[in-house]
There are 2 protein chains.
Amino acid sequence: MALRHALLAALLDGEYSGYQLAKAFDAGVANFWHALPQQLYLELSKLEKEGLVAGRRVVQEGRPAKRLFTVTGAGLAELERFALAPAKPSFIRDDLLVKVQAVDAVTAGAVIEQLRERARVAEAKIIVFGKLLRRMRGDRDEETFLRAGERIGPYLTCLRGRQFERETRAWCTRAVAVLRAREAASRQ
Amino acid sequence: MALRHALLAALLDGEYSGYQLAKAFDAGVANFWHALPQQLYLELSKLEKEGLVAGRRVVQEGRPAKRLFTVTGAGLAELERFALAPAKPSFIRDDLLVKVQAVDAVTAGAVIEQLRERARVAEAKIIVFGKLLRRMRGDRDEETFLRAGERIGPYLTCLRGRQFERETRAWCTRAVAVLRAREAASRQ
DNA sequence: CTGGTCATGTAACCCGTTACATGATTTC
DNA sequence: GAAATCATGTAACGGGTTACATGACCAG
């Protein structure tokens, strides 16, 4: 029941269509939640029925019509209630970690390749998050922006996202180095 | 379909009962996966039926009997297949991040308190992971252990877990500082 | 003319969570 | 005497993933 709150939180930044939200919630920029497009369209419909968001149909030329959503007063109240409720602890669930946990009992080569790939993905995300942060803070430095900026929520979550990806990259490269060294040693 | 692989990976370390696994997969030490006891008991039964793990009933005095599980040859083969398959990217799903994303539109006080609580939890996990790491490497230093240790998978995932919790703690305290400063400024 | 982007959905299935159930032993 | 620990499950529900479906426009 938290996807709806993630959607409401995302819509605080302005009007967005399901498609735009889907891009943000899919792999790419999802720095605070992840969901697939199908889920979003369904949840947006529900939210609209319940009056937590309001949809506005916008006809475009040369493109399909889209529906732009905004948070209503009731939506804001729902967010407030959510913020006050105790947060459930967040858990890790990662295929790659499971594979590393089992790396002593399986072919290390395959795991190494996937660690490399994950490091590449992390690298790309670090760059995207960096650009996002710069765009959000504009010409101000970070200190100033965090002290006086009007909307810092997305900035803080984006900082966390970047930090997470940096560590992911660091850990992956370290693990690759360790595993390769052991492979080389065992071959002799 | 990845919980089964997480279970198989956990059982590589030796024989464990559902109860012991539940403790590890619940909040506490779950450094590479998380699951509730009910899920584990169910999945262990399935794995046993499929011949991927073997259960052994152990009667105890003064305590209920327990079932200890070990990975079978077929279980190892299944792990190997899993390791070779492409890993799906891991995604963040965290209530607290959603609340921070929305912090400009809701009462900041409640979010601050939850950030503090999360920092405390992270602190506790950092200590637990530290102890685990020391126990795993014994009297060897980290370099030596990672070069020559017989089982390094759990060590690597534990390192990742500790790193993650350290950053969680750092980010939470930073966010609290920023939000408190803004609260103080707006009160004037 | 193939593939990518824009744009929105429905339906089936399965995994994960919540709730419920039991019972003995040890610790405070 | 209450609460925590040891020990293992069943059942219902709901959210998330996978698969399926449609259709117009634009770039190479």
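Values as computed for the structure displayed
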read-out: Residues (within 15 Å of B:F91 (Cα to Cα) and part of a helix (DSSP H, G or I)) located in segment A:90-114; value: A:D95, A:L96, A:L97, A:V98
read-out: Among residues of segment B:138-157, those that are charged (D, E, K, R) and either outside the structural domain of B:A177 (by TED's automatic domain parsing) or under 17 Å from A:A177 (Cβ atoms) (or both), counted; value: 4
read-out: Condition met for B:R67 (outside any loop (DSSP other than H, G, I, E, B), charged (D, E, K, R), within 16 Å of DNA strand C (Cβ to nearest atom) and loosely packed, with under 15 Cβ neighbours inside 10 Å); value: no
read-out: Qualifying positions in segment B:87-124 - more than 17 Å from B:R182 (Cα to Cα), open to solvent by 30 Å² or more (accessible area, probe 1.4 Å) and more than 7 Å from chain A (Cβ to nearest Cβ); value: B:E117, B:R118, B:R120, B:E123, B:A124
read-out: Output for segment A:89-105, where each listed residue is acidic (D, E) and within 15 Å of DNA strand D (Cβ to nearest atom); value: A:D94, A:D95
read-out: Out of B:E43, B:E50, B:E61, sole residue that is more than 9 Å from DNA strand D (Cβ to nearest atom) and surrounded by 15 or more Cβ atoms within 10 Å (Cβ to Cβ); value: B:E43
read-out: Residue in segment A:8-50 that is nearest to DNA strand C (Cβ to nearest atom), counting only those that are in a helix (DSSP H, G or I) and in contact (Cβ under 8 Å) with a residue 60 or more places away in the chain; value: A:L11
read-out: Positions within segment B:125-167 being more than 12 Å from chain A (Cβ to nearest Cβ), among the charged types (D, E, K, R) and closer than 28 Å to A:R160 by Cβ, in sequence order; value: B:K131
read-out: Subset of segment B:125-147 [open to solvent by 70 Å² or more (accessible area, probe 1.4 Å) and part of a helix (DSSP H, G or I)]; value: B:I127, B:K131, B:R134, B:R135, B:E143, B:R147
read-out: Segment B:159-188 residues that are assigned by TED's automatic domain parsing to the domain that holds B:R120, paired with ones that are of a type in the set (F, W, Y) (beta carbon under 6 Å, 6 or more apart); value: B:R160/A:W171; B:G161/B:F129; B:R162/B:F129
read-out: Complete set of residues in segment B:70-86 that are open to solvent by less than 50 Å² (accessible area, probe 1.4 Å) and within 16 Å of DNA strand C (Cβ to nearest atom); value: B:E78, B:F82, B:A85
read-out: Residues of segment B:1-14 classified as within 13 Å of DNA strand D (Cβ to nearest atom) and either open to solvent by 70 Å² or more (accessible area, probe 1.4 Å) or of a type in the set (K, R) (or both), total; value: 1
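The values are calculated or read from the model by the stated rules, or taken from the named source; none is laboratory data. Predicted, not measured: the structure shown is a model, and the values here were computed from it. Positions of Cβ are generated from backbone atoms using ideal geometry, with glycine treated the same way; all protein chains shown enter the neighbour counts. Areas reflect the complete protein model, heavy atoms only, side chains present, ligands, DNA and RNA absent. Shrake-Rupley method; radii C 1.70, N 1.55, O 1.52, S 1.80 Å.
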